[in-house]
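Chemist: Please read through the structure below; I'll follow up with questions.
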Amino acid sequence: MEPRRIRIALADDQALVLGGLKALLGGFAGLEVVAEASDGHALLEALQRVAVDVVLCDIRMPGLDGFEVCQRLSHLDAAPPVILLTTFDDADYALKAIDAGVRGFLLKDASPLELVDTIQQVAAGRSVVTPVATDAIRSRYAYDDQSVPKSGFSKRETDILRLLAGGYTNREIGLAIHVAEGTVKNYLMDIFDKLGTRDRTRAVLKAITLKII
């Protein structure tokens, strides 16, 4: 039985880029472009008619940009994950993308294999955001909680924090450091307690801000 294809919606206001992406993705087995749009409004309308697994969307579009598309989709139940594309290597864009709730953020000069890998990872439930300088994150979140951790971090805990920052799931972290998934959860509870945070995102941001990772 043939594996189910990943159904993709594309949005870009440049016809040549849109056509190029469709042709490129159509050349890879397991991917299928099922919807195309030239702006954010048209994309949202298309998503009401067609079920997709991943949305691949340009940031800068007239009327409704990629960030606004993400924000509108975030209010819908079972909305497909979004990968934002941009030609601008700007840390602020990546940070704004994270705030908007995107699952993927990629520069348009990425290789075809990088693009396809990002689509596959996001379709599988993971997050893939092009790395940004930690200095930008520290600057952006400079006013967040910077209280000193309750105690120091072991090498194992630091490794887990780095994997957490990379978007790895508990299961993937367990495979990477050769422990059971339940053990990873116990480590995370200890890490959250030391940092005084409640979730993964805050833990990573605080760890970066305090230069723990």
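Chemist: Based on what the data block shows, is Asp99 at pLDDT below 85 and in a loop (DSSP other than H, G, I, E, B)?
Modeler: no
Chemist: Identify the single condition in (1) surrounded by fewer than 18 Cβ atoms within 10 Å (Cβ to Cβ); (2) touching a residue at least 24 places away in the same chain (Cβ under 8 Å); (3) hydroxyl-bearing (Ser, Thr, Tyr) that Tyr168 does not satisfy, given that it satisfies every other one.
Modeler: (1) is the only condition that Tyr168 fails.
Chemist: Residues that are loosely packed, with under 13 Cβ neighbours inside 10 Å, at least 2 per element: which helices (runs of 4 or more DSSP H) completely within the range 1-96 meet that?
Modeler: Hits in the range 1-96: 15-26, 40-49.
Chemist: I'd like to know if the range 134-154 contains one or more residues that are surrounded by fewer than 19 Cβ atoms within 10 Å (Cβ to Cβ), out of contact with any Gly (no Cβ under 8 Å at 6 or more places or on another chain), at pLDDT below 85 and under 30 Å from Leu24 (Cα atoms).
Modeler: There is no residue in the range 134-154 that is surrounded by fewer than 19 Cβ atoms within 10 Å (Cβ to Cβ), out of contact with any Gly (no Cβ under 8 Å at 6 or more places or on another chain), at pLDDT below 85 and under 30 Å from Leu24 (Cα atoms).
Chemist: Is it true that Ile8 is closer than 18 Å to Gly125 by Cβ, touching an Asp or Glu at 6+ places or on another chain (Cβ under 7 Å) and in contact (Cβ under 8 Å) with a residue 12 or more places away in the chain?
Modeler: Considered against the rule, which asks whether it is closer than 18 Å to Gly125 by Cβ, touching an Asp or Glu at 6+ places or on another chain (Cβ under 7 Å) and in contact (Cβ under 8 Å) with a residue 12 or more places away in the chain, Ile8 comes out as yes.
Chemist: Could I ask something else about it? I'm trying to understand the selection: among the residues of the range 196-212, which are among the β-branched types (Val, Ile, Thr) and either over 23 Å from the mean Cα position of the chain (by Cα) or crowded, with 17+ Cβ neighbours inside 10 Å (or both)?
Modeler: Hits for the range 196-212 are Thr197, Val204, Ile208, Thr209, Ile212.
Chemist: To continue, here is another question. Can Glu114 be described as surrounded by fewer than 20 Cβ atoms within 10 Å (Cβ to Cβ) and more than 20 Å from the chain's Cα centre (by Cα)?
Modeler: no
Chemist: When residues of the range 173-195 are filtered for being surrounded by 15 or more Cβ atoms within 10 Å (Cβ to Cβ) and among the acidic types (Asp, Glu), how many remain?
Modeler: 1
The values are calculated or read from the model by the stated rules, or taken from the named source; none is laboratory data. Since this is a predicted model, take the numbers as computed values, not measurements. Here the Cβ is made from the backbone with ideal geometry for all residues, glycine too, and neighbour counts use every protein chain on show.
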